Ligand SMILES: *Cc1c(COP(=O)(O)O)cnc(C)c1O
């Protein structure tokens, strides 16, 4: 399919280009020592990760350990409650081992680390979800695992800290600055620049310097390719629209990869939080401007000094002031639409899906559900496939405390 002069039949072999660009976005904006480390990973990715042996091993792990393929579920009661003319379906990444899509790229990254002869994986984590997924992968492959985490987040996320420790990871407390995600990223990068001979940095979404946006997309694309096959087998046709939430953008990139070359509307949903004022949301693609942060060029939310702005969302996995470079590219060429839902709409969707379908979604994923529920009202027939990126067990206490039990 050709869209806006771009031939999507050959898209994956041409994007990103050899320097890691999706149009004007992406690249490698880091110091020379780390550039050399990234080049080594890129080289290994193209040689090792495309080999038959690697692909076969990853496929076996996905089946035997992760529980893939995850199913597609017809959300019949929710569809009926919204009028019954449009049918909603969910790709169930909440049923992936550890309860979210993040393990898809962590297993890929850790397998690559093993093939490269590395002994350790390093990452930062905010809410702890990426840390838990990576600690799981490290335990599976027998790799050491250093997770950098701000002291404030360590206090807030006790269950995830416990999980990481039980899985054998070293949780390293970061005590400077605001003691949250940004400081953890800085500390993890600093450690990596000293240890890159023995270690590999594992980024938690489709962001960071090349090759990570490409690698994480490719490892997540299993979601979209499975979903396309399952959906067409189930219904005999393609969905009219596919919808996913966008923080950094990995679960969305995974689902979208399966449908880029189809006549299907693709919609990424960003968190509007408390509203459109800077500081009250994390809708970088809607309100941001071009800029470089954390090693890549993309669209980001900036404060008056041009630094990454403070962001907010009820979903801690979505409160990031930028999005992956490929999303910025898809937005510019018009292949993917990006829109927003706020906290209230999200919590409403969280309860609707729980009550009508027996599925408690992650608050992140509830953004996609909320958007699909609004989209139904603009369509007179058809079907929508939602990426249910994770389960909501981690969010239950917070939702009850902040919003109470709802109908
Ligand atoms: C981390 C997380 C997200 C956000 O990350 P993306 O890279 O944007 O996918 C979404 N959903 C869940 C369940 C998560 O844990």
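The values are calculated or read from the model by the stated rules, or taken from the named source; none is laboratory data. Computed from a predicted model, the values in this text were never measured in an experiment. Positions of Cβ are backbone-derived with ideal geometry, glycine not excepted, and every protein chain shown enters the neighbour counts.
Considering region 234-260, the residues that are assigned to a helix (DSSP H, G or I) and out of contact with any strand residue (DSSP E or B) (no Cβ under 9 Å at 6 or more places or on another chain) include one that is farthest from the ligand (Cβ to nearest atom), namely 257. Considering only residues in region 97-128 that are without any contact (Cβ under 8 Å) to a residue 40 or more places away in the chain and within 12 Å of the ligand (Cβ to nearest atom), the one that is farthest from residue 70 (Cα to Cα) turns out to be 128. Residues of region 115-126 that are surrounded by fewer than 21 Cβ atoms within 10 Å (Cβ to Cβ) and in contact with a helix residue (DSSP H, G or I) (Cβ under 9 Å, 6 or more places away or on another chain): 115, 116, 119, 120.
Take residue 214 and decide whether it is within 24 Å of residue 96 (Cβ to Cβ), within 16 Å of the ligand (Cβ to nearest atom) and surrounded by fewer than 24 Cβ atoms within 10 Å (Cβ to Cβ). For residue 214, the condition - within 24 Å of residue 96 (Cβ to Cβ), within 16 Å of the ligand (Cβ to nearest atom) and surrounded by fewer than 24 Cβ atoms within 10 Å (Cβ to Cβ) - is met.
Cβ-Cβ contacts under 8 Å between residues 6 or more apart (or on different chains), taken from a first residue in region 241-253 that is without any contact (Cβ under 8 Å) to a residue 24 or more places away in the chain and closer than 13 Å to residue 369 by Cα to a second residue that is in a loop (DSSP other than H, G, I, E, B) and more than 7 Å from the ligand (Cβ to nearest atom), are absent. Each residue in region 175-209 was checked for being surrounded by 24 or more Cβ atoms within 10 Å (Cβ to Cβ) and outside any loop (DSSP other than H, G, I, E, B), and 3 of them qualify. Total residues in region 292-307 satisfying the condition of being surrounded by 18 or more Cβ atoms within 10 Å (Cβ to Cβ), in contact with a strand residue (DSSP E or B) (Cβ under 9 Å, 6 or more places away or on another chain) and in contact (Cβ under 8 Å) with a residue 24 or more places away in the chain: the figure is 6.
Here 45, 11 are screened, and the one residue that is in a helix (DSSP H, G or I), surrounded by 15 or more Cβ atoms within 10 Å (Cβ to Cβ), in contact with a helix residue (DSSP H, G or I) (Cβ under 6 Å, 6 or more places away or on another chain) and modelled with pLDDT of 95 or more is 45. Regarding region 301-324, can at least one residue be identified that is within 22 Å of residue 379 (Cβ to Cβ) and away from the ligand (no atom under 15 Å from the Cβ)? No: region 301-324 contains no residue that is within 22 Å of residue 379 (Cβ to Cβ) and away from the ligand (no atom under 15 Å from the Cβ).
For residue 224, indicate whether it is under 29 Å from residue 300 (Cα atoms), touching a strand residue (DSSP E or B) at 6+ places or on another chain (Cβ under 9 Å), in a helix (DSSP H, G or I) and within 16 Å of the ligand (Cβ to nearest atom). Considered against the rule, which asks whether it is under 29 Å from residue 300 (Cα atoms), touching a strand residue (DSSP E or B) at 6+ places or on another chain (Cβ under 9 Å), in a helix (DSSP H, G or I) and within 16 Å of the ligand (Cβ to nearest atom), residue 224 comes out as yes. Every condition in (1) under 23 Å from residue 249 (Cα atoms); (2) surrounded by 17 or more Cβ atoms within 10 Å (Cβ to Cβ) holds for residue 87 except the one numbered (1).
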